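K.L.:
Next up is a structure, given as C-alpha cells.
The values are calculated or read from the model by the stated rules, or taken from the named source; none is laboratory data. None of the values given here were measured: they were computed from a predicted structure. Glycine also receives a Cβ, built like all others from the backbone with ideal geometry; neighbour counts cover every protein chain displayed. With ligands, DNA and RNA removed, areas are computed over all heavy atoms of the protein, side chains included. Shrake-Rupley method; radii C 1.70, N 1.55, O 1.52, S 1.80 Å.
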Amino acid sequence: MSAVGQDTQAAGGQHPRVAARGPAAGRVVTRSRRSALWAGLAAVVAIAILGYLPYLVFSDTTGLMVQFFQLLIMASMWNLLAGYAGLVSVGHQAFIGLGAYFVVLLAMHGLSPFTAIPIATAAAGVVGLPVWWLVSRLRSGYFAITMWVIASVCMLIIIQISSLGSGTGIALSGLTQSPTLLAADTYWATLAVAVLAIAGIYALLRSRLGLALTAIRDDEAGAKSIGGRVGSVQRLVFLVTALGCGAAGALYAISQQFIVPTAAFDVSFTAEMIFITIIGGIGTIEGPIIGTIVFFILQQTLSADGTWYWIVLGLVAIAVAIWAPRGIWGLVSEKFGIRLFPVGYYVWPAGEQPRRLLARSARP
Amino acid sequence: MEDQESGRLAGQDLQLSRRSVLRGIGFGAAAAGAGGLLAACGSAIKGAGSGAAGTINIGLITPLTGAFAGFASGDQFVLSLVKGASIYKSGIKIGGKTYKININVQDSQSSPTRAAQVAQQLIANHADLILTTSTPEVTNPVAAACQKAGTPSLATVVPWESWYAGLGGDPLKPTTDFKYASMFFFGLKEFNGTFEPIWNRIHTNKIVACQYPNDADGNAFRFGFEPLIKADGYTVVDGGAYTDGTADFTSMISLFKNKNCEVFSNCPIPPDFNTFWHQASQQGFKPKIATVAKVLLFPADCDALGPTLVNNIATDSWWGPYMPYSSSLDGMTASALAAAYEAKSGQQWLQSLGSTYSLFEVAKEALSKVSDPHDKAEVADALHNVNYSGICGPINFAAGPAPGVGIIRPVGVQWKAQPAGSKYPVEMKVVDNSLNPSVPIGANLVATNA
C-alpha cells in the first residue's frame, strides 16, 4: 500500500487486489466497516448541538468557535487542493482577501453583510477562473510562488482604492444587529459554511471525481496514464477552493468588522492552513479537523506568552514532520483503523462480511 | 494505487457516488434547516452574560511578538510594577464596595487580525475596560471592536489622526464623538512642532524627502503632515505610497537624490526602515538631517542598523528618564522607573515604559470617578473627562483636538553613538524642547550627515 493511500483496507488482512479479483461470489464491497447510517446520524446530532450552542453557552465560547470554523474551512480547502489535487498553493489568501473586500463593497451599497456572503463567495469563485487560466500550466514550486504573486497583486490593487479605505483599512458597515444577535448570527453563518464546506468536500471525494482525485493524490502521472482527466479535475478543485476561501474571507470580514488590506491578504493565513493540514494529516478529510483542534488549543493556551508560542508551534511542526509524517490523524487511523469520513472502499472476503450484511443474508 | 484498482474493479463506484452525493446534500440541508429553525426562535440567545460582580476586568492588548515587538519589550516589567501598586494591588473602593482588579494581557502578534480577535475575546470575557498600545495596526482594530461592542477602550502610542481615521472619523473635522474610544498620545501638529524646530536649526535647502507608506500612519502623514510643512515654506518630495514590506527602495532613493533633498522624514514599519536606510547609505543618499517617526524609537531598533548608521538620527520622545514627572500610582519618578527597568532586565530603558505605565494611571483616574465600574457608558464617559498628571506629564482628555483624545507633549531627541566601552552603544538625548521646555536639553543638535 502506498504511503498515503489508506482508503481501502481489506478485512482479515488480505491484500485488496487479491480480494477484488473479479466479481467472485461471496465478496462484498462496502464504504465503511460499520453502517454509515449511524455515522450520518451522529453527524446530524453533532451539527444540531453545534447549531443550538448560542442558547447553551455565552458569546465568548461562540466567538472562539467562529475563529475555529474559519480556520477549519480554510485548512480543509488547502488540504483538498494540496492533499488531493497535488497543487501546493501559498497564495490562497488572495481569495480570502477578495471575499472580505467583496463583502465590504456590497455592504457599502446597502446590502446586509450576511446576505452578501453567498454573492462574495461566488465572486471569489469567478475570479478563480482567470487565475486558474494563468497558473494551470505551472507545477510545484512555480505554481506556489505564482499564486503568492497573484495574492500580492490582488492586495496591491485593493490598497490603491481610496473608497475601500486604501492602506488605512475600513470598517464594515451594515451590521446593525444588537451585539448579542450579531454574535449568534456570525456563529450560525460560520457554522453553516463550515458544514457545507466539509459536506461538499466529502461528497466530492465520494463521487467519481473523488476516485480521480485519490488517484492524483497518490501519483499524478500514474493517474493520467490510466485515463484520469487530471487537468479538468484540478480545475474543478481549484475553483472549489477559491469559493471556499472566498466564503471564509466573507466570514472573516464579518467577524473582524475592520478590514486592512495587509491583514486580509496576509500570507500567514496560508501558513496556518499548511501548519494545520500537515500536523493533522494531509490527504484526509479528518486531518484538517484534528489539525485545527490542535492549533487552536496551542493558540488559546500559549499565545499570551508571546515568543514561546511561536517556539512551541515550530517544535510541534518539526516533531510531526519527523515522527508522524502523515500527521496525527495518520497515526490514529493506522492504529485503530477508524475513518470518520469513509471515502474509500472495504472489500470483504467471503465469510467475513460485516455484521449488518450477514444479518440480512439470514445465515442458519 | 491499490485502492484505486480495487475501487474500479468492484464496479460499484458510480452507484455509490450518486447515493453519497445525495446523502451529502441531505446533511447540508439538515444543517441549514436546523440553523434556520434555531434562528426563528431568537429571543433566548445567551449573549455575553455578566462577569464576576466583585472584580474589575482590565484587558491589555500589546504586540509582544512580530514586527512591533520592540514597542512592547518593557510591557511585562511595567505590568509587574503596576500590579504591586495602588488599586491594582489592594483593590478599589467604589460606592462602599471593594473591587479586585484583574489584568488580562493578550499578544496582538503585531497583526490587525489577531488584535481584533483577542479584543473580541476580551469583550466576550466581560472586560470592563480594554487598554491597548503601539501602532495603529494594533490599536485601531481594538478601538473599532470596542466601539462596536460598547466596551470602553483606551489607546496610546498611535498618532491621534491615525486612530481617529481608523474609527471612521475625519481628522480634519474631528466632531464625531466615539463614545467608547479614548486615547492619549499626540498628533501631526506635535510631530511638526518637534521636527520643524530641529530642521530650522540645521542649515538646509528646505527640500524634504518623505517616505510615507500606504497604511494608517503613512496616509495620516501624507494628508496631515505634508500640508503643515508646506505651509511653513518647506518643499515636499513624496516618495509615493509604497506598500509595507517593500524590499527595494532604489527608485525612491534616486528620486530623493535627484530632487536634492536635504531633510528626511518618514513613518515606516521598523523592518522597512532598516532596508531603506541600508540602501540609502549604499546608494549615497545622505540627508543633512533625518527625523524619523515610528522607527528608532527604542534602543532595540538601533541594533539592527548599528551605532554608526543611527548616529544623530532624530526622532520624537514622549517619555524618558529626563521627564520631570512622577507616577500618580505611587509617586515613582520617571528616572527611577527607567533605572528600575535597567536594573531588573539588564536592558536599556525605552520610552514605551512611560506610555504603558500611564495606561494604568488613566484607568485608575477613570475608575475612581464612577459609581459602578461595570456600567460601561459611565466608565467610557469618565475616560473622556480624565484630567490628571502622571508619569507622562499632565493629560486632559476633555481639552484634546478630538473627543476622547488627550495630548502629551513630546520632545526632539537624537541617538548618540557612545564611545567604546560605554554601557550602551547608543543613547537617546534630548536636543530640542520647543514643545515642552520643562524637559532639560541633554546634548547638542548635530547634523545627521555633515
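K.L.:
How far, in degrees from 0 to 90, does helix A:327-336 lean away from the longest principal axis of the Cα atoms of chain A, to the nearest 10?
P.N.:
30 degrees
K.L.:
Right, another one. Averaging sequence separations of C-alpha pairs under 8 Å and six or more residues apart, then dividing by the length of the range A:34-266, give the relative contact order as a whole percent. All intermediate terms of the calculation are to be shown ahead of the outcome.
P.N.:
Details: 308 pairs, mean separation 91.5, N = 233.
The value is 39 percent.
K.L.:
Another one. From the phi of every residue in the range A:154-170, what ³J(HN,Hα) in whole Hz does the Karplus formula 6.51 cos²θ - 1.76 cosθ + 1.60 yield, where θ is phi - 60° and glycine or proline is x?
P.N.:
4, 5, 5, 5, 4, 5, 7, 8, 6, 5, 9, x, 6, x, 6, x, 8
K.L.:
Positive end of the dipole of the range A:214-331, charges at C-beta (+1 Lys, Arg; -1 Asp, Glu), about the Cα centre: which of A:Ile311, A:Ala263, A:Val240 has its Cα farthest in that direction?
P.N.:
So the residue we want is A:Val240.
K.L.:
Here is a further query. Need the full-extension length gain, A:Thr307 to A:Ser136, defined as separation in residues times 0.36 nm minus the C-alpha distance. One decimal, nm. It would help to have the intermediate numbers written out before the result.
P.N.:
On the way: separation 171, 0.36 × 171 = 61.56 nm, distance 3.89 nm.
Here the segment from A:Thr307 to A:Ser136 would lengthen by 57.7 nm.
K.L.:
May I ask for the net charge around B:Asp301, where only other residues with Cβ less than 13 Å from the Cβ of B:Asp301 are counted and Lys, Arg are +1 while Asp, Glu are -1? It would help to have the intermediate numbers written out before the result.
P.N.:
Values: positive: B:Lys294; negative: B:Asp272, B:Asp303.
Overall, the nearby charge balance is -1.
K.L.:
Based on alpha-carbon centroids, what's the gap between the range B:312-348 and the range A:203-220 in Å, whole number please?
P.N.:
Going from one Cα centre to the other spans 63 Å.
K.L.:
In percent, what relative contact order does chain B have, based on Cα pairs under 8 Å that are 6 or more apart in sequence?
P.N.:
On the way: 869 pairs, mean separation 67.5, N = 450.
Relative contact order, chain B: 15 percent.
K.L.:
Let me check I have the definition right: for chain B, take the eigenvalues of the Cα gyration tensor, multiply each by 5, take square roots. What are those semi-axes in whole Å, largest first? Please list the in-between numbers first.
P.N.:
Working: eigenvalues 370, 214, 89 Å².
They are 43, 33, 21 Å, listed largest first.
K.L.:
So, one more: Would you tell me the accessible area of B:Arg201, worked out with a 1.4 angstrom probe on the heavy atoms of the protein chains, in Å² to the nearest 10?
P.N.:
130 Å²
K.L.:
Which residue fluctuates most in the GNM of chain B (Cα springs below 10 Å): B:Leu435, B:Leu367, B:Leu296?
P.N.:
B:Leu435
K.L.:
Can you list the lysines whose alpha carbon is less than 16 Å from that of B:Lys46, not counting same-chain residues fewer than 8 positions off?
P.N.:
Leaving aside lysines fewer than 8 places away in the same chain, none come within reach of B:Lys46.
K.L.:
Moving to a separate point now. Give me the Kirkwood hydrodynamic radius of the protein assembly as shown, using the inverse of the mean 1/r over all pairs of distinct Cα atoms, in Å to one decimal. Let's see the in-between values first.
P.N.:
Working: mean 1/r = 0.0347 Å⁻¹.
Its Kirkwood hydrodynamic radius stands at 28.8 Å.
K.L.:
Quick one: angle between helix A:307-323 and the longest Cα principal axis of chain A, in degrees between 0 and 90, rounded to 10, please.
P.N.:
In chain A, helix A:307-323 runs at an angle near 20 degrees to the longest axis.
K.L.:
Rounded to the nearest 0.05, what FRET efficiency is calculated for A:Ser173 and B:Lys423 with R0 set to 60 Å and r the Cβ-Cβ distance? Before the final figure, lay out each step's value.
P.N.:
Numbers: r = 53 Å, r/R0 = 0.88.
Rounded to the nearest 0.05, the efficiency is 0.70.
K.L.:
Also, I was wondering about something else. If you average the C-alpha positions of the range B:99-149 and of the range A:296-321 separately, how far apart do those two centres end up, in angstrom?
P.N.:
So the two Cα centres are separated by 21 Å.
K.L.:
With helices defined as uninterrupted DSSP H runs, which ones in chain B have an alpha carbon span along their own long axis of at least 27 Å and mean Kyte-Doolittle hydropathy of at least 0.5? Walk me through the numbers before you get to the answer.
P.N.:
Details: long enough: B:13-40 (40 Å, 0.66).
Sorted by number, the helices that extend far enough and score high enough are B:13-40.
K.L.:
Pairs B:Lys93/B:Lys429; B:Lys189/B:Lys259; B:Lys179/B:Lys429; B:Lys288/B:Lys429; B:Lys100/B:Lys429; B:Lys148/B:Lys429: which are spaced more than 30 Å apart, C-alpha to C-alpha? Write down the numbers at each step before the final one.
P.N.:
Numbers: B:Lys93/B:Lys429 41 Å; B:Lys189/B:Lys259 26 Å; B:Lys179/B:Lys429 38 Å; B:Lys288/B:Lys429 18 Å; B:Lys100/B:Lys429 40 Å; B:Lys148/B:Lys429 41 Å.
Over 30 Å Cα-Cα: B:Lys93/B:Lys429; B:Lys179/B:Lys429; B:Lys100/B:Lys429; B:Lys148/B:Lys429.
K.L.:
If you count only protein heavy atoms with a 1.4 Å probe, what accessible area per residue comes out for chain B, rounded to a whole Å²? Please report the intermediate quantities before stating the final value.
P.N.:
On the way: 15740 Å² over 450 residues.
About 35 Å² of surface per residue is accessible.
K.L.:
Rounded to the nearest 20 debye, what is the charge dipole size of the range B:291-395 about its Cα centre when +1 sits on each Lys and Arg Cβ and -1 on each Asp and Glu Cβ? All intermediate terms of the calculation are to be shown ahead of the outcome.
P.N.:
Numbers: 5 positive and 11 negative charges, 38 e Å.
So the magnitude is around 180 debye.
K.L.:
Out of the DSSP beta bridges found with both residues in chain B, what percent are antiparallel (nearest 5)?
P.N.:
Details: 18 of 55 bridges.
Roughly 35 percent of the DSSP beta bridges within chain B come out antiparallel.
K.L.:
Expressed as a whole number of Å, what is the distance separating the alpha-carbon centroids of the range B:368-398 and the range B:261-279?
P.N.:
After rounding, the separation between the Cα centres reads 37 Å.
K.L.:
Okay, moving on. Which one, B:Pro403, B:Pro437, B:Val413, is farthest towards the positive end of the dipole of the range B:371-450 when Lys and Arg carry +1 and Asp and Glu -1 on their Cβ?
P.N.:
B:Val413
K.L.:
B:Lys97: which lysines have alpha carbons under 21 Å from its alpha carbon, excluding same-chain residues fewer than 8 sequence positions away?
P.N.:
Correct list for B:Lys97: B:Lys83, B:Lys89, B:Lys364, B:Lys369, B:Lys376.
K.L.:
Putting +1 on Lys and Arg Cβ atoms and -1 on Asp and Glu Cβ atoms, find which of B:Asn140, B:Ala155, B:Ser80 reaches farthest to the positive end of the dipole of the range B:76-195.
P.N.:
B:Ser80
K.L.:
Follow-up question, since we're still on this one. Of all accessible surface on the protein assembly as shown at a 1.4 Å probe, what whole percent is carbon and sulfur?
P.N.:
Using a 1.4 Å probe with all protein chains present, the protein assembly as shown comes out at 61 percent carbon and sulfur.
K.L.:
So what J values fall out for the range B:178-184 if you push phi through Karplus, 6.51 cos²θ - 1.76 cosθ + 1.60 with θ = phi - 60°, rounded to Hz, Gly and Pro as x?
P.N.:
8, 3, 9, 10, 8, 7, 10
K.L.:
Averaged over peptide B:115-125, how many Cβ atoms belonging to another chain are found within 10 Å of each residue's Cβ? Don't skip to the answer; put the middle values down first.
P.N.:
Numbers: counts 4, 8, 9, 2, 1, 11, 5, 1, 5, 9, 4.
Per residue, the average neighbour count from other chains is 5.
K.L.:
Please sort B:145-156, A:80-91, B:90-101, B:66-77 by packing, taking for each peptide the average over its residues of neighbouring beta carbons within 10 angstrom, highest first. Don't jump to the answer; show the numbers that get you there.
P.N.:
Values: B:145-156: 25.6, A:80-91: 23.7, B:90-101: 14.1, B:66-77: 21.9.
Result, highest mean Cβ count within 10 Å first: B:145-156, A:80-91, B:66-77, B:90-101.
K.L.:
Quantify how strongly other chains surround peptide B:322-334 by giving the mean number of their Cβ atoms within 10 Å of each of its Cβ atoms. Don't skip to the answer; put the middle values down first.
P.N.:
Values: counts 0, 0, 0, 0, 0, 0, 0, 0, 0, 0, 0, 0, 0.
Rounded to a whole number, the mean comes out at 0.
K.L.:
Can you give me the accessible area per residue for the range A:34-266, using a 1.4 Å probe, in Å²?
P.N.:
Numbers: 8540 Å² over 233 residues.
Accessible area per residue, the range A:34-266: 37 Å².
K.L.:
About its Cα centre, what dipole magnitude does the range A:34-266 give when the only charges are +1 on Lys and Arg Cβ and -1 on Asp and Glu Cβ, stated in debye to the nearest 20? It would help to have the intermediate numbers written out before the result.
P.N.:
Values: 9 positive and 6 negative charges, 147 e Å.
It comes to approximately 700 debye.
K.L.:
Charges at C-beta only: +1 for Lys and Arg, -1 for Asp and Glu. How large is the resulting dipole of the protein assembly as shown about its Cα centre, in Debye rounded to 20?
P.N.:
Working: 53 positive and 47 negative charges, 559 e Å.
The calculation lands at about 2680 debye.
K.L.:
What would the Debye equation give as log₁₀ I(q)/I(0) for chain A at q = 0.11 Å⁻¹, counting only Cα atoms as equal point scatterers?
P.N.:
Log-scaled intensity ratios, in q order: -0.80.
K.L.:
Which residues of the range A:245-285 end up with at least 40 Å² less accessible area in the presence of all protein chains than when their chain stands alone, using a 1.4 Å probe?
P.N.:
A:Gln256, A:Gln257, A:Phe258
K.L.:
If a/c stays under 1.5 just call it rounded; otherwise compare a/b with b/c (prolate if a/b is bigger, oblate if not). Do that for the range B:329-397, with a ≥ b ≥ c from the square roots of the Cα gyration tensor eigenvalues.
P.N.:
Numbers: a/c = 3.02, a/b = 2.49, b/c = 1.21.
Taking the square roots of the gyration eigenvalues as a ≥ b ≥ c, the range B:329-397 is prolate.
K.L.:
To the nearest hundred square angstrom, how large is the accessible surface buried between B and A, total for both chains, probe 1.4 angstrom?
P.N.:
On the way: alone 18720 and 17920 Å², together 30860 Å².
Result for this pair: about 5800 Å² buried.
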